[in-house]
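K.L.:
Sharing a structure here in structure tokens format.
Every number here is computed from the coordinates shown, using simple stated rules; none is lab data. It should be emphasised that the depicted structure is a prediction, and the values quoted were computed from it without experimental measurement. Note that we place each Cβ from the backbone using ideal geometry, even for glycine, and neighbour counts take in every protein chain shown.
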Amino acid sequence: MSLKRKYLITLYFVLAFILLFEIFPIYWLGLTSVRPIEELLDPQPWPKNPTARAYVTVVTLDYFQIEHFHRQLLNSIIIALATAGFSMFVSSLGGYSLARIRFPGNTIVSKAVLFTYIMPPSLLAIAFFDIMNIYGLVNTYPSVIIAMTVFTTPFGLWIMKQAIRSIPIEVEESALIDGANRVTIFFRIIIPLTAPVLVALATYSFIQAWNEYLYVLVLMSDARMFTAPVAIASLLQVDEIPWALVSAMSIVFSIPPVIFFYALQKYMVAGLTRGAVKA
Amino acid sequence: MKIASRVKKYLIGYIFALPFIILFILFVIYPLGYTFSLSFFRKMIGTSPIFVGFDNFIYLLSYPSFNYAFLNSIVLAGIGVNLKMFLALIMAVLLNVEFRGRRIIRALLLLPWAIPMVPSLVTWRWMLDADYGFFNNSFALMGLPRIPFLGIYESAISMAVVYHIWRILPFYTLLLLAGLQSIPREIYESADVDGANWWQKFWRVTFPLIKPLYLIATLLSTIWTLGDFTTIWVLTRGAPADTTNVFATFAYKFAFQVANFGAAYATFVFLLPVIVILIIVLLRRIGD
């Protein structure tokens, strides 16, 4: 009893410390975004006179270095939505193929999916730029959309494969007997039954593309083609960093992915662990 | 007839997998091969490459501070990853016990992982600011000297390690927690019958069962840490004096600031074999 109590106290203490470490920087970001300039240097961790000025600036763009920020947010939306769409297309088809059809080389395709998932995208970034440059695609949406589709598809394909495997095979067999072909089965049976997973993988791809920094930095050189994270990070290069404004931009930019992330959190870990825990 | 239907089935398999196969060949295999072969060429934007043998590698090895890429990779991956995994294991074990508020704590813990990297790097850079940052302001209040966290090599690279741990600890905690929760309760019950204490249960039961997952997570984290560009580029840009650069940031610098693409490719060629070997080891462990 007392040992258990002691254990629980230690547990709460350690957890409280790590939780503070994990949460405080994000709290500080929010705090900085609502502090008036005069208060920015105060170390006390609460605002005395909170102000929405930085957010008003984000809306009015009344600051010389952020004139394209709305356009950049729109770029983020376009790239993220397109990535989600293409990723759904490639993942659902590939997932069905790997889950249901045993063809020569399917294990190689499986390995290729995992390889692409694990491979750090940064290793390909310079070559990607060079290749896109040859085809005149630098500074266009397709370059980033292609890159993000490549890097989000493996996870999507993997969870689609798992989801399709969990559908009883009898459902398809009876449809085959009724004379339906694979394409009909795919659209009439597989897609409706895996709809929640499709939504999850689309959300995942959206978040990844929305958050992407390196590939946009490499492939877009015109500020009007930047996405929001590249725009935000570029403000950190000036001598007098407008911290309240950068923080407000960061918060605005973070809200959609954080909401989406919480909506699909069970897939975020499950997709990876299901394979790994078995090993 | 039988053969024809089998061929048809294979064909459908290939056609459905084709979009991924095309992406994989055009945008994974081709850039990888491109990186490797162009590392032996002098290459700038818009010029055709000229074969220069090992010149790019010689250029890199004689480039001041390039050796820091090796050192920093060891610090970030060798020390940082192990520290992170150790902490994640402790966290997972702590969270594997039922207690009040566990769900809320888990949900809150996800936040650093849920928030995009650039915003979280913004807040870390601001907190670490040499003149006005939260840490230095607090130090000043306590009468302690100010530390230019990102201005000195040792502390700057340590802060990159701290950021990595901060950002991804929740992910590996949940990963290991999922592993812990898959251990059947009966095993612990029989250990209880044998009179095992908490520590014995951890070392004799929990750890051996979680070890495969722990190793996979360590490998995964090592690979992703070695390939991380964003942390260093947004936090320090390689400063002070190019010492905090890693392979990815050096490659970016050579390509877009020095306009020497050959050197950028050669930079990755130092890292690629390590990554590929680690991925192969990992794939063997994961199986299917």
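K.L.:
Going 7 Å from the Cα of B:Arg204 in the Cα-to-Cβ direction, what parts of segment A:7-40 have a backbone nitrogen less than 19 Å from that spot?
P.N.:
none
K.L.:
Still on this model: Across chain A, where is the longest run that never hits chymotrypsin sites (Phe, Trp or Tyr not before Pro) in a DSSP loop with at most 16 other C-beta atoms within 10 Å?
P.N.:
For chymotrypsin sites (Phe, Trp or Tyr not before Pro) (loop position, at most 16 other Cβ atoms within 10 Å), the longest site-free span of chain A is A:136-279.
K.L.:
Of A:Ile79, A:Ile18, B:Leu87, whose Cα points farthest to the positive end of the dipole of the protein assembly as shown (charges on the beta-carbon: +1 Lys, Arg; -1 Asp, Glu; origin at the Cα centre)?
P.N.:
The Cα lying farthest towards the positive end belongs to B:Leu87.
K.L.:
Next question. Nearest 10 degrees, 0 to 90: what angle lies between the long axis of helix A:265-278 and the longest principal axis of chain A (Cα atoms)?
P.N.:
The angle comes out at about 50 degrees.
K.L.:
OK, next. Over the Cα atoms, compute the radius of gyration (one decimal) and Dmax (the largest Cα-Cα distance, rounded to a whole number) for segment A:2-51, in Å.
P.N.:
16.3, 51
K.L.:
Right, another one. Would you order B:Ser138, B:Ser190 from fewest to most other beta-carbon atoms within 10 Å of each residue's own beta-carbon?
P.N.:
Result, fewest neighbours first: B:Ser190, B:Ser138.
K.L.:
Between A:Val171 and A:Val199, what length comes free when the chain is fully extended (0.36 nm per residue of separation minus the Cα-Cα distance, one decimal in nm)?
P.N.:
Gain on stretching A:Val171 to A:Val199: 7.9 nm.
K.L.:
Magnitude of the Cβ-charge dipole of the protein assembly as shown, K/R +1 and D/E -1, about the Cα centre, nearest 20 debye?
P.N.:
The dipole of the protein assembly as shown has a size of about 1760 debye.
K.L.:
Just tell me how shielded B:154-167 is by partners: mean number of partner chain Cβ atoms within 10 Å of each residue's Cβ, no decimals.
P.N.:
Whole-number average of other-chain Cβ neighbours for B:154-167 is 1.
K.L.:
If you consider only alpha-carbon coordinates, what radius of gyration and Dmax does segment A:114-177 have, in Å?
P.N.:
For segment A:114-177, the Cα radius of gyration and maximum Cα-Cα distance read 17.7, 51 Å.
K.L.:
Which value, in nm² and rounded to one decimal, describes the direction-averaged projected area of the C-alpha convex hull of segment B:160-288?
P.N.:
Value for segment B:160-288: 10.4 nm².
K.L.:
Whose amide H sits under 5 Å from the amide H of B:Phe41, counting only residues 5 or more places off or on another chain, with H placed in the peptide plane?
P.N.:
Those qualifying (amide H under 5 Å, at least 5 residues apart or on another chain) are B:Val52.
K.L.:
Moving on. For A:Thr107, A:Thr57, what ranking results if the residue with the fewest other Cβ atoms within 10 Å of its Cβ goes first?
P.N.:
A:Thr107, A:Thr57
K.L.:
Please go through segment B:84-185 and write out the trypsin sites (Lys or Arg not before Pro) that DSSP classes as loop and that have at most 15 other C-beta atoms within 10 Å.
P.N.:
Those satisfying the criteria are B:Arg100, B:Arg146.
K.L.:
Sorting A:Leu11, A:Leu73, A:Leu123 on the 10 Å Cβ count, fewest up front, what's the list?
P.N.:
Ordered by Cβ neighbours within 10 Å, fewest first: A:Leu11, A:Leu73, A:Leu123.
K.L.:
Okay, next question. Within the set A:Lys6/B:Lys84; A:Lys161/B:Lys211; A:Lys111/A:Lys266; A:Lys111/B:Lys9; A:Lys48/B:Lys84; B:Lys84/B:Lys201, which residue pairs have Cα atoms separated by over 32 Å?
P.N.:
Pairs exceeding 32 Å: A:Lys48/B:Lys84.
K.L.:
Straight distance only, please: which aspartates and glutamates reach the Cα of A:Lys4 with their own Cα at less than 14 Å, same-chain residues fewer than 8 apart left out?
P.N.:
B:Glu98
K.L.:
Separate question: Per residue, what volume in Å³ does the convex hull of the Cα atoms of chain B enclose?
P.N.:
Roughly 220 Å³ of hull volume per residue.
K.L.:
List the equivalent ellipsoid semi-axes of segment A:64-278 in whole Å, largest first, each obtained as the square root of 5λ for an eigenvalue λ of the Cα gyration tensor.
P.N.:
For segment A:64-278, the semi-axes come out at 37, 18, 15 Å.
K.L.:
Still on this structure, please answer the following. Using the Karplus curve 6.51 cos²θ - 1.76 cosθ + 1.60 with θ = phi - 60°, work out ³J(HN,Hα) for each residue of segment B:129-138 in order, rounded to whole Hz, and write x for Gly and Pro.
P.N.:
3, 5, 9, 10, x, 4, 5, 5, 5, 5
K.L.:
Which listed residue (B:Trp124, B:Trp113, B:Asn137) has the Cα farthest towards the positive end of the charge dipole for segment B:92-177, taking +1 on Lys and Arg C-beta and -1 on Asp and Glu C-beta about the Cα centre?
P.N.:
Working it through, the farthest residue towards the positive pole turns out to be B:Trp113.
K.L.:
With charges set only on the Cβ (+1 for Lys and Arg, -1 for Asp and Glu), what does the dipole of segment B:176-288 come to about its Cα centre, in debye to the nearest 20?
P.N.:
240 debye
K.L.:
Only Cα pairs under 8 Å and at least 6 apart count here; give the relative contact order of segment B:62-286 as a rounded whole percent.
P.N.:
It rounds to 29 percent for segment B:62-286.
K.L.:
Sticking with this structure for a sec: Averaged over B:228-236, how many beta carbons belonging to a partner chain fall within 10 Å of each residue's beta carbon?
P.N.:
4
K.L.:
So what's the convex hull volume per residue for the Cα atoms of the protein assembly as shown, in Å³?
P.N.:
Per residue, the Cα convex hull of the protein assembly as shown comes to 182 Å³.
K.L.:
Another one. Kirkwood Rh, Cα Rg: Rg to Rh for segment A:68-172?
P.N.:
1.07
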